[in-house]
Amino acid sequence: MKNILEAPFMVEMIRTTTNMYNHGWDERNGGNISLLLDETVVQEYLNTDAVIRTIPTGFKAPELEGKYFIVTGTGKYFKNVQYAPDVNLGVIRITDGGETAELLWGFTDGGKFTSEFPAHMMSHVARLKVDPANRVVMHCHPANLLAMTFVHSLDEREFTRTLWQMCTECIVVFPDGVNVLPWMLCGTNEIGEATAEKMKTARLVVWSLHGIYGAGKDLDETFGLIETAEKAAEIYMKIAHLPRVNTLTDEMMHQLEERFNVKGREGYLD
Ligand code: 2HA
Ligand code: ZN
């Protein structure tokens with residue numbers, strides 16, 4: 001059995017949580033990540049018959065039966081993951097049609113997966129239907145995206161267009177745009193279901209007055225997606241109160257679509 005602390009997925013989880021903390025996106029216990037793992041990869045590091053304990057999830061997700069994830073823990077600080085990965089992270093397998101998570105490694109202080117587990121698992125189900133290569137769901141609290149939800153319309157087309165207009169590469173990085181949920185109580189199955197519904201049409205879902213969810217094929221891509229949207233929001237928050245002298249036009253964005261072979265969300269460009 002190989003050392004799980006040297007597994008590429010573990011190294012990447014530690015690097016990503018540390019990097020997100022360093023970006024100021026995950027104060028205190030803010031934020032959470034789940035990464036889908038291949039059974040054959042997990043079996044290189046763990047005896048998958050050795051279940052440490054079972055944890056009820058409180059929801060159904062039959063599509064995830066038998067799937068493995070590494071997940072951040074509830075109440076845990078991203079800041080601390082690098083120093084104690086076995087306390088702050090857990091490897092789990094979904095069983096009982098989604099109603100049970102079997103703990104195979106981690107959460108050694110008796111902890112469990114993130115309070116946002118419903119939003120994560122339901123979003124995985126939604127994204128896998130659109131893109132079978134999707135492996136990551138990531139949530140965090142980047143300051144500028146959050147700030148923007150206090151001062152900008154929450155209309156998804158308007159919100160997306162504003163972000164696209166802030167950096168030339170935005171429409172290339174997230175042509176599917178950004179979906180937006182109104183404020184809802186976090187940690188519930190309801191916000192999980194609403195997030196998953198929004199994940200059907202975009203890889204970024206803003207939680208108004210709270211933060212953002214991103215989904216992607218690996219940790220790097222998903223981090224980059226949130227990083228790009230947050231950069232655009234930062235520029236918006238710097239210029240929103242100033243007269244706009246120059247702007248990225250829809251005509252310029254059509255040129256970008258052609259040059260980079262992407263298509264902006266239907267109906268979002270004039
Ligand atoms: O786990 O970010 O939304 C802390 C959170 C909850
Ligand atoms: Zn949060």
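Brief remarks follow.
- Contacts under 9 angstrom Cβ, first residue in region 163-178 being more than 15 Å from HIS254 (Cβ to Cβ), partner buried (at least 24 other Cβ atoms within 10 Å of the Cβ) and hydroxyl-bearing (Ser, Thr, Tyr), 6 or more apart: PHE174/THR160; ASP176/THR160; GLY177/THR160; VAL178/THR160
- Flag if THR16 is among the β-branched types (Val, Ile, Thr), open to solvent by less than 50 Å² (accessible area, probe 1.4 Å) and either over 19 Å from ARG135 (Cβ atoms) or touching a helix residue (DSSP H, G or I) at 6+ places or on another chain (Cβ under 6 Å) (or both): yes
- Tally of residues being surrounded by 12 or more Cβ atoms within 10 Å (Cβ to Cβ) and basic (Lys, Arg) across region 211-262: 2
- Residues of region 197-210 that turn out to be crowded, with 24+ Cβ neighbours inside 10 Å and either more than 20 Å from GLU266 (Cα to Cα) or not hydrophobic (A, V, I, L, M, F, W, C) (or both), as a count: 2
- Here ARG203 clears all of (1) within 16 Å of ligand 1 (Cβ to nearest atom); (2) of a type outside the set (Asp, Glu); (3) under 11 Å from the mean Cα position of the chain (by Cα) except the condition numbered (1).
- Helices (runs of 4 or more DSSP H) fully within region 65-151 that include at least 1 residues being acidic (Asp, Glu), open to solvent by 20 Å² or more (accessible area, probe 1.4 Å) and within 22 Å of GLU39 (Cα to Cα): 85-88.
- Cβ-Cβ contacts under 8 Å between residues 6 or more apart (or on different chains), taken from a first residue in region 27-43 that is at pLDDT 95 or above and surrounded by 14 or more Cβ atoms within 10 Å (Cβ to Cβ) to a second residue that is among the hydroxyl-bearing types (Ser, Thr, Tyr) and assigned to a strand (DSSP E or B), are listed as GLY31/THR72; ASN32/THR72; ILE33/THR72; SER34/THR72; LEU36/TYR68; LEU37/TYR68; VAL42/TYR68.
- Residues that are more than 16 Å from ligand 1 (Cβ to nearest atom) and within 10 Å of the chain's Cα centre (by Cα), drawn from region 224-237: LEU225
- Options VAL71, VAL91: the member that is closer than 16 Å to VAL136 by Cα, touching a residue at least 24 places away in the same chain (Cβ under 8 Å), touching a strand residue (DSSP E or B) at 6+ places or on another chain (Cβ under 7 Å) and within 16 Å of ligand 1 (Cβ to nearest atom): VAL71
- Verdict on LEU46 being surrounded by 14 or more Cβ atoms within 10 Å (Cβ to Cβ), closer than 28 Å to GLY211 by Cβ, touching a helix residue (DSSP H, G or I) at 6+ places or on another chain (Cβ under 8 Å) and not small (Gly, Ala, Ser): no
The values are calculated or read from the model by the stated rules, or taken from the named source; none is laboratory data. What you see is a predicted model; the values in this text were computed from it and never measured. As a convention, Cβ positions derive from the backbone with ideal geometry for all residues, glycine included, and neighbour counts pool all protein chains shown. What goes into the accessible areas is simple: the full protein's heavy atoms, side chains included, and nothing from ligands, DNA or RNA. Shrake-Rupley method; radii C 1.70, N 1.55, O 1.52, S 1.80 Å.
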